[in-house]
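Notes to accompany the following structure.
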Amino acid sequence: MFAAGWLVGLAGLGAITLAITGGAGASENGKPADWVGVLKLVIGLLLVLLALQQWRHRPTDTSQAELPKWMAAIDHFNAVKILGLSLVLSAANAKNAGLTIAAAAAISSAGVSTDKQVAGLAIFALIGSPGTLIPLAVFLIAGERAKNTLSSWKTWAAQHNAAIMTVLFTVLGMKLLGDGIDILIS
């Protein structure tokens, strides 16, 4: 349910963005419109600021890092709650929403047909989902034998979450800043 909700959330937000930006002049003479560059600059700046915040609030001792309360409670959620949570995390989370909107704006500005835009969005949703799909595949392949492996991944991710998110926000934010600047100066 989580993986399905995750993919639907990314694809849904991307489809809404494609619908809005498709008719908004996202492409001018084969190059993205200036507003696409501004959008990427704003999202990139927000991600860099999130990286700084994440780093400043990291735990000093990673062995004492804890999972967020919602993540610790997820093991006890029913299917409907898991579906809802995955929709929120994929489409309303600052990192995912920003990247999905930026990707959909870039896709809409590519000057390709609607079916190619939909295909590009589907590829983006799949590429943006290995953190959800890989653990699911491990569980589906190994079943109960995967519990120890998945548990160790969960513990490692909790301990290093601040560093992971800082690097992720920084790299993606800088990439979007660079893209935005390139659009605006070309």
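With Lys69, Lys81, Lys95, Lys116 as the choices, which residue is in contact with a helix residue (DSSP H, G or I) (Cβ under 8 Å, 6 or more places away or on another chain) and among the charged types (D, E, K, R)? If you could, list the steps in order and put the result at the bottom.
Working: Lys69 fails: in contact with a helix residue (DSSP H, G or I) (Cβ under 8 Å, 6 or more places away or on another chain); Lys81 fails: in contact with a helix residue (DSSP H, G or I) (Cβ under 8 Å, 6 or more places away or on another chain); Lys116 fails: in contact with a helix residue (DSSP H, G or I) (Cβ under 8 Å, 6 or more places away or on another chain).
Every option except Lys95 fails the conditions.
Please specify each residue of the stretch 138-162 satisfying the condition of being surrounded by 14 or more Cβ atoms within 10 Å (Cβ to Cβ) and either in contact (Cβ under 8 Å) with a residue 60 or more places away in the chain or over 17 Å from the mean Cα position of the chain (by Cα) (or both). Lay out the reasoning, then the answer.
Initially, the stretch 138-162 is screened for residues surrounded by 14 or more Cβ atoms within 10 Å (Cβ to Cβ), giving 138-139, 146, 150, 153-154, 157-162.
Listed by number, the residues that qualify are Val138, Phe139, Ala146, Leu150, Trp153, Lys154, Ala158, Gln159, His160, Asn161, Ala162.
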Legend entry - Residue selected from the stretch 112-133 under the condition exposed (fewer than 13 other Cβ atoms within 10 Å of the Cβ) and among the β-branched types (Val, Ile, Thr), by the criterion farthest from Lys40 (Cα to Cα): Thr114
Inset, instruction - For the stretch 122-134, state whether one or more residues are closer than 20 Å to Leu7 by Cα, among the hydroxyl-bearing types (Ser, Thr, Tyr) and not in a helix (DSSP H, G or I). - result: yes
Inset, instruction - Provide a single number: the residues in the stretch 50-103 that are in a loop (DSSP other than H, G, I, E, B) and either at pLDDT 85 or above or exposed (fewer than 14 other Cβ atoms within 10 Å of the Cβ) (or both). - result: 10
Inset, instruction - Kindly indicate whether Ala51 is within 16 Å of the chain's Cα centre (by Cα), at negative phi and among the aliphatic types (A, V, I, L, M). - result: yes
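The values are calculated or read from the model by the stated rules, or taken from the named source; none is laboratory data. From a predicted model like this one, the values you see are computed outputs, not experimental measurements. No Cβ is skipped: glycine too gets one built from the backbone with ideal geometry, and neighbour counts run over all protein chains shown.
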